[in-house]
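To keep things clear, I will list the structure first and then write my remarks on it.
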Amino acid sequence: MLERTEAILSDLIAHPTVSSDPNAALIDHMADRLESAGARVEVFRDESGQKANLWGTIGPEMAGGVLLSGHSDVVPVADQDWSTDPWQMTERGDLLMGRGTCDMKGFIAAAVAMAEDYAATNLRRPVHFCFTHDEEVGCLGAQSLVPLLKEREALPAIAIVGEPTEMRIIEGHKGCCEYTARFHGLEGHGSNPDRGVNAVAYAVRYVTRLMELAEELKLRAPRESRFDPPWTTVNIGKLAGGVAHNVIPGRAEVEWEMRPVQYGDAEFVKEQLRHLIETELLPAMRAVTPWADITVETIGEVVGLEPMDDNMARALVTQLTGGNSADVVPFGTEAGLFQELGMSVVVCGPGSIAQAHKPDEYVSRQQLAECLTMLEGLRRNLAA
Ligand SMILES: [Zn+2]
């Protein structure tokens, strides 16, 4: 099985599926493989036809199965010093090198390699495969899949997201939401501030409220939060606007992010800001010119994976891997989207996040073998 996994991985690495580039060829290829193994496969393309998500099922058509989930896109190799061709899997002792080996084509290869064995087993509950596009740029593929999955009755009960955790069980991570707020005021001469609408001044009021909210979020931290820091954080990443001392600035821009630790925090912050904009900032700006405006663009909203006391996925994967603890991590994944769909979710996959996104990215055979042990255990667990 390890040999088969390596062959599939080598194939996957040869598809340079950087997030900005198409992934449809890789998805079609995996769809063929899964279909010939006996899976029922659906491929969902985006409008361009260049990007695709895959959903596959082996076993009975029913709710309560187990989902194996991975993203097919990888981060760029530009400006990185690789000692091998990143798009050709290279062996170095026990290590398999190439872009995406650990993040996270190794897991996908192991899952696809197991498909024939799953199909040959009389399964009590189905195994599902979900391979997505554009995870690295805000989970866009998975987000586009969510409304389609919501319609279904035969949804999995458990999801294993195979991001590189060195096969440790991860039951929580913060979300990540990024926004750009743009302030459109009215330029004028600095000698008569009341005739203009100072976009920078309004941006500062917005930032001030954000900083107050950052303090309020500390008080909302769940008492048993294991995150570091334990609360939802806010960062003002960029504040720009204005031209010179004596000009009323007509434009300003604020780039900021927050990393929610629980459902509700992001909505709380957004609602508070909406209130500020609608009841204070815009009325004051528009009293001078009706053209004044504030727009807030959502750059990305990746929901967090909230640790749950009762987590079937944790119980299952603990049994399969023999792991005896479950952690939280600082990086984001698609896991929270599946949790929002009502699944019980953990992140557990081969390779280390320390190698992800780096030159000479690798996964070890040892890690792939451990992953295959988990997936084989899953087969036995689901066998009738
Ligand atoms: Zn990843």
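If you place +1 on the Cβ of every Lys and Arg and -1 on the Cβ of every Asp and Glu, how big does the dipole about the Cα centre of region 94-144 come out, in debye to the nearest 20?
Numbers: 4 positive and 7 negative charges, 46 e Å.
About 220 debye.
If each residue of separation counts as 0.36 nm, what is the full-extension length gain between PHE331 and LYS150 once their alpha-carbon separation is subtracted? Before the final figure, lay out the partial values.
Numbers: separation 181, 0.36 × 181 = 65.16 nm, distance 2.55 nm.
Gain on extension, PHE331 to LYS150, equals 62.6 nm.
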- Specify which residue in the list LEU67, GLY175, VAL269 is farthest towards the positive end of the charge dipole of the chain, using unit charges on the beta carbon of Lys, Arg (+1) and Asp, Glu (-1), about the Cα centre. VAL269
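Determine the order of VAL74, VAL43 by accessible area, beginning with the largest, at a probe radius of 1.4 Å. Please list the in-between numbers first.
Working: VAL74 0, VAL43 55 Å².
Per-residue accessible area, sorted high to low, gives VAL43, VAL74.
State to the nearest 20 debye the size of the charge dipole of region 176-302 about its Cα centre, where the only charges are +1 on K and R beta carbons and -1 on D and E beta carbons.
In total the dipole reaches around 180 debye.
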- Rounded to the nearest 0.05, what FRET efficiency do GLN272 and MET308 give with R0 = 22 Å and r taken as the Cβ-Cβ distance? Could you check? 0.25
- With all protein chains modelled, accessible area of LEU372 [1.4 Å, Å²]: 10
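May I ask you to rank SER20, SER325, SER364 by accessible area, largest first, using a 1.4 Å probe over the protein chains only?
Details: SER20 95, SER325 70, SER364 20 Å².
Ranked list, largest accessible area first: SER20, SER325, SER364.
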- Message: What's the magnitude of the charge dipole for the chain around its Cα centre, counting Lys and Arg as +1 and Asp and Glu as -1 at the beta-carbon? Answer in Debye, nearest 20.
- Response: 580
- Quick one: if you stick a label point 7 Å off each Cα along the C-beta vector at THR121 and ALA284, how many nm between them? 6.3
- Among THR233, GLY196, THR289, flag the residue with its Cα farthest along the positive direction of the charge dipole of region 176-302, charges on Cβ as +1 for Lys/Arg and -1 for Asp/Glu. GLY196
- Of the convex hull enclosing the alpha-carbon atoms of region 184-230, the direction-averaged projected area in nm² is 4.6
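Here is the link list: LYS218/LYS270; LYS174/LYS270; LYS105/LYS150; LYS105/LYS174; LYS238/LYS270; LYS51/LYS358. Which ones come out longer than 21 Å on Cα distance?
LYS105/LYS150; LYS105/LYS174; LYS51/LYS358
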- To the nearest 10 Å², what's GLU280's accessible area with a 1.4 Å probe? 90
- Note on the structure: Measure of exposure for ARG45: accessible area at 1.4 Å probe, Å² rounded to 10, is 120
- Which length gain, in nm to one decimal place, applies between ALA157 and LEU219 when the Cα-Cα distance is subtracted from 0.36 nm times their residue separation? 19.0 nm
- Note on the structure: P(r) of region 24-113 over all Cα-Cα pairs, 10 Å bins starting at 0, rounded to whole percent, reads 14, 40, 31, 13, 2
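Per residue, how large is the accessible surface of the chain? Use a 1.4 angstrom probe and give square angstrom. Provide the component values of the computation, followed by the final result.
Working: 16970 Å² over 384 residues.
Spelled out: the 1.4 Å probe surface of the chain, per residue, equals 44 Å².
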- Item | Given charges at Cβ of Lys, Arg, Asp, Glu: the chain dipole, positive-most of GLY185, TYR206, LEU337 | TYR206
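With r as the distance between the Cβ atoms of GLU212 and LEU2 and R0 = 51 Å, compute the FRET efficiency 1/(1 + (r/R0)^6) and round to 0.05. Display every interim value, and only then the final one.
Numbers: r = 55 Å, r/R0 = 1.07.
Computed FRET efficiency for LEU2 and GLU212 comes out at 0.40.
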- Query: Of all DSSP beta bridges in the chain, what percent run antiparallel (nearest 5)?
  - Reply: 70
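The values are calculated or read from the model by the stated rules, or taken from the named source; none is laboratory data. The model shown is predicted, which means the values in this text are computed figures rather than measured ones. In this analysis, Cβ positions are derived from the backbone assuming ideal geometry, glycine residues included, and neighbour counts consider all displayed protein chains. The protein model used for the area step is the full one, side chains on, heavy atoms only, and it has no ligands, DNA or RNA in it. Shrake-Rupley method; radii C 1.70, N 1.55, O 1.52, S 1.80 Å.
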